[in-house]
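For reference, the structure discussed in these notes is given below.
The values are calculated or read from the model by the stated rules, or taken from the named source; none is laboratory data. Because the structure is predicted, anything quoted here is derived from the model rather than measured. Cβ atoms come from the backbone with ideal geometry, glycine included; neighbour counts cover every protein chain shown.
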Amino acid sequence: MAVDVYIVFRHGNVLGDEILRRFWDAAIKVFKEYGIEVYIMPLLTNEKDKGVSVIINGFEVSLNSLVTVDEAVDLILTYSTVEGDVSPAYALGIYIDRDDSLDNVVTI
């Protein structure tokens, strides 16, 4: 069994950086203790929201404060067992040249 965890936060958000670290530690703990593979993927956004969204197997949890590693483990285990009708998510990054035109767009 594998669990996809997306951590969505604004670039430079200290809370988002620390939550990402805690979920990474939680993923290692879940794998060692339960044998469940957890894939942590950071997604950076330009939205003004200061909170952090964690999407686990398609279910979104909003976090406005720091969670412990054990709380992150609980969240992962809770939503890893929930069956959802969620299609796979794909991420696409683009780089726009300094003139803000789409003439020289490079997909990553």
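A few points about this structure:
- Across the range 26-35, not a single residue is classified as under 12 Å from the mean Cα position of the chain (by Cα) and among the hydroxyl-bearing types (Ser, Thr, Tyr).
- Subset of the range 1-18 that is charged (D, E, K, R) and not in a helix (DSSP H, G or I) - its residue that is farthest from THR78 (Cα to Cα): ARG10
- Test: residue in the range 58-67 that is touching a residue at least 24 places away in the same chain (Cβ under 8 Å), of a type in the set (D, E, K, R) and surrounded by fewer than 19 Cβ atoms within 10 Å (Cβ to Cβ): no
- Members of the range 43-56 that are more than 8 Å from VAL8 (Cβ to Cβ) and in contact with a strand residue (DSSP E or B) (Cβ under 6 Å, 6 or more places away or on another chain): GLY51, ILE56
- Residue match in the range 10-19 (condition: crowded, with 16+ Cβ neighbours inside 10 Å and out of contact with any Lys or Arg (no Cβ under 8 Å at 6 or more places or on another chain)): yes
- Note on the range 19-63: residues that are in a loop (DSSP other than H, G, I, E, B) and modelled with pLDDT under 90 total 8.
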